[in-house]
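J.: The structure is given below, and queries will be raised subsequently.
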Amino acid sequence: MIDHILSVLIFFPAVAAVFGFIIHKDSMRAYGVAVSVIEFALALWLWFAFDSNVSGMQFMELIPVVPSFGINYILGVDGISLFIIILAAFFTLIGIASLTDTKNVKNMIITLLFLQMTMVGVFAALDAIIFYVFWELSLVPMLYIIGAWGGPLRIYASVKFFLYTFAGSLVMLVGMLFMAYFYYQATGVWSFAILDWYRLILPESFQLWLFAAFFIGFAIKVPMFPFHTWLPYAHGQAPTIGSVILAAILLKMGTYAFIRFSLPLFPDASVFYMYPIAILAIIMIIYTAMVAYAQEDVKQVVAYSSVSHMGVIILGTFALNVEGISGSIFLMIAHGVVSGALFLLVGVIYDRRHTKMMDQFGGLAHVMPRYATIFGIMLMASVGMPLTINFVGEFLSLLGFYQQSHTLTLLAGVAIIVGAIYMLAAYKKMFFGEITKDENRNLKDVNKRELLALIPLSIITIWLGVYPKPVLGPINNSVESIVQLMHDKATSVEAKIRIPNVIEGIVITRTPAGEAH
Amino acid sequence: MLAPVNVSLESLNLMTLAPMLIPIVGALLILVIDLFKSNLDKTLYVGVSLLFLFMDFFALYDASTIFAQDGTMLGVFNVMLIDGLALLSQFIIVIASMLFIPLALTHKRFHEFSYPEFFALFLFMIGGFQFMVASDNLILIFVGLETASLALYTMIAMHNRDKSFEAAVKYFTMGALAAGFFSFGAMVFYALTGSIEINQIAAVLAGNGYADIGYVLVGVVFMLASFGFKLSIVPFHTWAPDVYEGSSAAMAGYMSIVPKIAAFVVAMRLFEFLIHSGVIWLEVVLYAFVVITMTAANLWALVQTDVKRMLAYSSISHAGFVMAAILIGTTQANSALFLYWILFSFTNLGSFSMLWISRQKHLPDGQSSDHSYDKFAGMIKTSPMAAVVMALFMLSLAGLPPFALFWGKLYMISSAVTGGYTVLALIMALNSAIAGYYYLKLIVYMFMKEPVVGVNGEVYVSNATNALKTIIGIAAVGTVFAIIAVNPLLEFITAFVYNSGY
């Protein structure tokens, strides 16, 4: 079974979801928890069986789907995707376990299990078309979650979310088809396998166009600065569980895809676009931080701060060196844990007061001390306090980019201080001072079910902040091989300089570039 | 005194006629049955039609094995041309017809199915379409086209509603115009080349190096207009939404598939040699037609308030999308056309059948059309299974992976990329995104809105019988599990298209 662990991880939740239709609705929650516990255990088993000394793909599977057109079902996992898969399993588990009273809970859990299939599929797929299948399919459950359980503007928000991402992905699909065509021209066979594409060296002019096509698809998903407008709506209208999954996992698809596709496929273009993207990322960090400061709705604060931190991830990715990329992958996990936890925390107070407006609160620390403590820990993690999980990722990302540009890194560093300001201001408004509203006097502190989700998240936040090595080690290993691949593939002089040579003397097999036209 | 014509029977290769003659014999048999005993139940006629379609299918299967061995066959004074295109399109025609005809077994009684003539006309129509695709003789194509079209007009009118008479007359008028254009075009080509066989025309034109390019263009314009009407290419599409609305949903679904594939095949035979011999003007015009048809039809579909009209515009848009294959003209593009159309026929027949089973005989008060979006509001609560199936078809039409139409779109866009039409590939991709909106709109209504007061789930399946549910089940299975079938289909299609020289 360990040979097919990835397929099992992908399709177990889907099969369980199909069986979910026959489960009685009163038992549905228990069923959902059971399924996601098994799934999480399988994910941990994957980690246990994973050899952290190997930098390449492990547990690979290959089934031909459309061999005459080069589409194969190829799966594999390396240090980059391993932890995001575990994170996806983990968040589905705590999402279902902490699900508060929802109407149609049965449909919700079935939808979540389908969503889990698509999430694991995206991070395990090593064939562009299979990747694309899961990438697109993930839109449907999310559309339903926002559209059926969301706030008053839910239909607008869900349709905007769907169409925005769908349009971007179609441009990316054209890019993928081009890539496959270039591979066909160079080798005479169709292939959509990413590992095959890695061996193809394209002329820089092609790289620039293809990078742009992929960029549109990924940037909308992240979402990067000019394309981010769908996200506040989606977060604002989505139910708690939807926001948690969206922030923790779905957004990571975009940043993950940058590392899996854009960087190794188009090293020269990555260097070419490094500064424009870095500037976009810094605008995104500063601008959304300022917008977050102006919000009155605590969920929007968390949503904009989540976008702001995604900017740091992008910045780290486009540092194009081992520190930066490892840092950005670590920050993806950190951001997943922290912003997921923050959305859960917002959900806790929303369940009690049915409002998310900060001026309705104040002095909550008196009535809900445990809630205030956990919120405080997560807030500190979010602003990047040392010894919390976010610090490691942010520090490494900025350290990586510092080697490319000092000024831009300084700007980004300043932006993180802005982040501290708005988060602390929000915390002050909600938790400190006297209780001004009578409704807040008798609020109940977090209950057991909520603690079940929040305590493990707090533990992870501090544990990985103090000792990140178990996660950072495998990540680093795989990133080194990617950076080396980029260095070897780079054709322009500037790219050779910008992308460091990690290991001396390793030669990769390559397909000659000149013919690829 | 005429000299006796001496032709050996073998040289006629009469077996090439077998697939077309089978439905015609079936139609005659139905008429004969009716002569001896009238007022028989429609189930008998459905059964007989299905039997003949199965026979037709096996005749086709036979012909395709012969084609796989010996290549293209000619027959009957070289009028019949059985090549890969003819066989593939006949497969589509026959299979789509087999899926269509059981839709007559509705729960409610509808006027047209009580006449045996309906089924006779149906089989005549199939024979007509089969003749149309299995020839490169412009006269035989014309005869096939008119046989089929006249039968189709009558079948639409037999639905016996005010709107269906309007639809039939509209379709008939436009069809007559198209037929006129076709014969004019054929006349011009005959005048230029002294032949009515497409391959002869191509040879003569290539021989004199397109000396009379002006006249060629006149011929092309007439032909384009004619096929524009048949394929509902914008700006010749105006009849389509009204005709779809006026005919029964099942008939509309059928019309969006079978007549079009027949027209596509003829267009492929005629236009591809013209494009590739450097008639730049035609390439530009076709390019414009493809882009405008895709985009404009999508934009119209966005503003429809009736699901059936939305699906009508979406069918126009899909036709424009597929028309791109004729413009690109590579083997990959032509294979993509057939792949797309096979996958499309499952999905589109399925979605029109979903409308068909929710057909109300009499409109409730205050409702102007039978399939307004409002009717489907909150369907997930009252009739969850039907809502899920309908959503599947919509997602497939939108091109969401891994459902059927995604693979067609993928291969079609890939053929545009490979053929060097980069901008076209992008336009096709973006049009799929626009189309996403109106398919999504129905899903939003079904899954996210509250049900209309006073509607219970029965209205969505009021017309359903086991036969209809089976057809929808087949369509749904074909839509969901298309991924398994894509590879064998693709290999089969590519081999057939390649061996026919396209």
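Where a number appears in this text, it was derived from the coordinates with a stated rule and is not lab data. This is a predicted model, so every value here is computed, not measured. Note that each Cβ is placed from the backbone with ideal geometry, even for glycine, and that neighbours are counted across all protein chains shown.
J.: What does the extension gain come out to for B:I139 and B:T238, with contour length at 0.36 nm per residue minus their alpha carbon separation? Present the calculation step by step, with values, prior to reporting the outcome.
T.: Values: separation 99, 0.36 × 99 = 35.64 nm, distance 2.70 nm.
Here the answer is 32.9 nm.
J.: Can you list the aspartates and glutamates whose alpha carbon sits under 12 Å from that of A:K106, skipping same-chain ones fewer than 8 residues off?
T.: A:D26
J.: Then there's this: Stretched out fully, how many nm does the piece from B:A176 to B:Y61 gain, at 0.36 nm a residue minus the Cα gap? It would help to have the intermediate numbers written out before the result.
T.: On the way: separation 115, 0.36 × 115 = 41.40 nm, distance 3.39 nm.
Length difference between fully extended and current span is 38.0 nm.
J.: Which of B:N463, A:T373, A:T407 sits farthest toward the positive end of the charge dipole of the protein assembly as shown, with +1 on the Cβ of Lys and Arg and -1 on the Cβ of Asp and Glu?
T.: Among B:N463, A:T373, A:T407, the one farthest towards the positive end of the dipole of the protein assembly as shown is A:T373.
J.: Using +1 at the C-beta of Lys and Arg and -1 at the C-beta of Asp and Glu, which of B:F189, B:L40, B:A202 has the Cα lying farthest in the positive direction of the dipole of the protein assembly as shown?
T.: Comparing the listed Cα positions along the dipole, B:L40 ranks first.
J.: Say R0 is 30 Å: what FRET efficiency, to the nearest 0.05, do B:V423 and A:T407 get from their beta-carbon distance? Kindly include the intermediate steps, with their values, before the conclusion.
T.: Working: r = 39 Å, r/R0 = 1.29.
According to the calculation, E is roughly 0.20.
J.: Evaluate E = 1/(1 + (r/R0)^6) for B:V284 and A:A212, where r is the Cβ-Cβ distance and R0 equals 35 Å; express this FRET efficiency to the nearest 0.05.
T.: Numbers: r = 27 Å, r/R0 = 0.78.
Rounded to the nearest 0.05, the efficiency is 0.80.
J.: Determine the shielding of peptide A:167-174 by partner chains: average, over its residues, the number of Cβ atoms on other chains within 10 angstrom of each Cβ.
T.: 6
J.: Moving on to the next point. Can you put A:Y287, B:Y340 in order, fewest other beta carbons within 10 Å first? Walk me through the numbers before you get to the answer.
T.: On the way: A:Y287 17, B:Y340 24.
Placing the least packed residue first, the sequence is A:Y287, B:Y340.
J.: Set the Förster distance to 45 Å, then compute FRET efficiency between A:I459 and B:T470 from the Cβ-Cβ distance, nearest 0.05. Please report the intermediate quantities before stating the final value.
T.: On the way: r = 55 Å, r/R0 = 1.22.
So, using R0 = 45 Å, E works out to roughly 0.25.
J.: Angle, helix A:298-317 long axis vs. longest principal axis of chain A, Cα atoms, 0 to 90°, nearest 10?
T.: The helix A:298-317 is inclined about 20 degrees to chain A.
J.: On full extension of the chain, what length is gained from B:V477 through B:H276, given 0.36 nm per residue of separation minus the C-alpha to C-alpha distance? List each step's numbers first, then the result.
T.: Values: separation 201, 0.36 × 201 = 72.36 nm, distance 3.90 nm.
Length gained between B:V477 and B:H276: 68.5 nm.
J.: Now for a different question. Calculate how steeply helix B:42-70 sits against the longest principal axis of the alpha-carbon atoms of chain B, using the helix alpha-carbon long axis, and give the answer as 0 to 90 degrees to the nearest 10.
T.: Value to nearest ten degrees: 40.
J.: At 7 Å along Cα-to-Cβ for each site, give me the label-to-label distance between A:H24 and A:K469 in nm.
T.: About 5.2 nm separates the two model spin labels.
J.: Considering the dipole of the stretch B:266-410 built from charges on the beta carbon (Lys and Arg +1, Asp and Glu -1) around the Cα centre, which of B:M310, B:S345, B:H362 is farthest to its positive end?
T.: B:H362
J.: While we're here: Shape call for the stretch B:415-501 from the C-alpha gyration tensor, a ≥ b ≥ c root eigenvalues: rounded (a/c under 1.5), prolate (a/b greater than b/c) or oblate? Walk me through the intermediate numbers first.
T.: Details: a/c = 4.08, a/b = 1.57, b/c = 2.60.
Note, shape of the stretch B:415-501 comes out oblate.
J.: Please give the calculated 222 nm ellipticity per residue for chain A, where each DSSP H segment of at least 4 residues contributes -39500 (n - 2.57) and the sum is spread over every residue; nearest 500 deg cm²/dmol?
T.: Values: 23 runs with 360 residues, N = 517.
Theoretical 222 nm ellipticity from helices: -23000 deg cm²/dmol.
J.: Can you say what percent of the DSSP beta bridges in the protein assembly as shown, counting only those with both residues inside, are antiparallel? Round to 5. Kindly include the intermediate steps, with their values, before the conclusion.
T.: Numbers: 15 of 16 bridges.
Given both bridge residues lie in the protein assembly as shown, the antiparallel proportion sits at roughly 95 percent.
J.: Under a crude label model (7 Å from the Cα following the beta-carbon direction), how far is A:D359 from B:I292 in nanometres?
T.: Taking the two extended label points, one gets 5.6 nm.
J.: In terms of Cα to Cα distance under 15 Å, which aspartates and glutamates are near enough to A:K448, apart from those fewer than 8 places away along the same chain?
T.: Within reach: A:D101, A:D351.
J.: Give the longest segment of chain B that steers clear of trypsin sites (Lys or Arg not before Pro) in DSSP loops with at most 16 neighbouring Cβ atoms within 10 Å, not counting the sites themselves.
T.: Working: sites that count: B:K37, B:K108, B:R109, B:R161, B:K361.
The answer is B:162-360.
J.: Sticking with this structure for a sec: What whole number of Å gives the distance from the Cα centroid of the stretch B:154-201 to the Cα centroid of the stretch A:90-104?
T.: 61
J.: Okay, next question. Evaluate the charge dipole of the protein assembly as shown about its Cα centre and quote only its size in Debye, nearest 20, assuming +1 on the Cβ of each Lys and Arg and -1 on the Cβ of each Asp and Glu. Write out the running numbers ahead of the final one.
T.: Working: 47 positive and 54 negative charges, 527 e Å.
The calculated dipole for the protein assembly as shown is roughly 2540 debye.
J.: Could I ask something else about it? Among DSSP bridges having both ends in chain A, what percentage is antiparallel? Round to the nearest 5. Let's see the in-between values first.
T.: Details: 9 of 10 bridges.
Bridges in chain A are about 90 percent antiparallel.
J.: Within 10 Å of each Cβ in peptide B:423-434, how many partner chain Cβ atoms are there on average? Round it to a whole number, please.
T.: Mean number of neighbouring Cβ atoms from other chains: 4.
J.: Continuing with this model, one more query. Mind giving me the nanometre distance, one decimal, between the label points for A:D351 and A:A294, set 7 Å out from Cα along Cα→Cβ?
T.: 3.4
J.: Using only the Cα atoms of the stretch B:1-111, build the gyration tensor, take square roots of its eigenvalues as a ≥ b ≥ c, and label the shape rounded, prolate or oblate: rounded if a/c is under 1.5, else prolate if a/b is larger than b/c, else oblate. Can you show the working numbers first?
T.: Details: a/c = 3.54, a/b = 1.64, b/c = 2.16.
Oblate.
J.: Which angle between 0 and 90 degrees, to the nearest 10, do you get for helix A:154-187 versus the longest principal axis of chain A when only C-alpha atoms count?
T.: 20
J.: So if I place +1 on the C-beta of Lys and Arg and -1 on the C-beta of Asp and Glu, and nothing else carries charge, what would the dipole magnitude of the stretch B:36-115 be about its Cα centre? I want it in debye, nearest 20.
T.: On the way: 4 positive and 6 negative charges, 105 e Å.
Charge dipole, the stretch B:36-115, about its Cα centre: 500 debye, nearest 20.
J.: Within the stretch A:17-58, which chymotrypsin sites (Phe, Trp or Tyr not before Pro) sit in a loop by DSSP and count at most 14 neighbouring Cβ atoms inside 10 Å?
T.: Values: sites: A:F19, A:F21, A:Y31, A:F40, A:W45, A:W47, A:F48, A:F50; in loops: A:F21, A:F50.
The qualifying sites are A:F21.
J.: Next up: Residues of the stretch B:69-107 with backbone nitrogen within less than 20 Å of a virtual label 7 Å along the Cα-to-Cβ line of B:L14, please, listed as ranges.
T.: B:73-82
J.: Loop by DSSP (not H, G, I, E, B), at most 15 other beta-carbon atoms within 10 Å: where is the longest site-free stretch of chain A for GluC sites (Glu not before Pro)? Kindly include the intermediate steps, with their values, before the conclusion.
T.: Values: sites that count: A:E296, A:E434, A:E504, A:E515.
It runs A:1-295.
J.: Kindly flag which residue pairs out of B:K308/B:K381; B:K230/B:K308; A:K103/A:K428; A:K160/A:K252 have an alpha-carbon separation exceeding 27 Å in this structure. Before the final figure, lay out each step's value.
T.: Numbers: B:K308/B:K381 22 Å; B:K230/B:K308 19 Å; A:K103/A:K428 34 Å; A:K160/A:K252 19 Å.
Where the Cα-Cα span goes over 27 Å, the pairs concerned are A:K103/A:K428.
J.: Any idea what the dipole of the stretch A:1-132 comes to, in debye rounded to 20, about its Cα centre with Lys/Arg Cβ at +1 and Asp/Glu Cβ at -1? Walk me through the numbers before you get to the answer.
T.: On the way: 4 positive and 8 negative charges, 106 e Å.
Once rounded to the nearest 20, the dipole reads 500 debye.
J.: Counting helices only, and only those DSSP H runs with n ≥ 4, report the 222 nm mean residue ellipticity of chain B as the sum of -39,500 (n - 2.57) divided by its residues, in deg cm²/dmol to the nearest 500.
T.: Numbers: 21 runs with 368 residues, N = 502.
The helix contribution divided over chain B gives -24500 deg cm²/dmol.
J.: Where in the stretch A:259-292 does the amide nitrogen come within less than 20 Å of the point 7 Å from the Cα of A:S205, taken along Cα to Cβ?
T.: Those under the cut-off are A:266-273.
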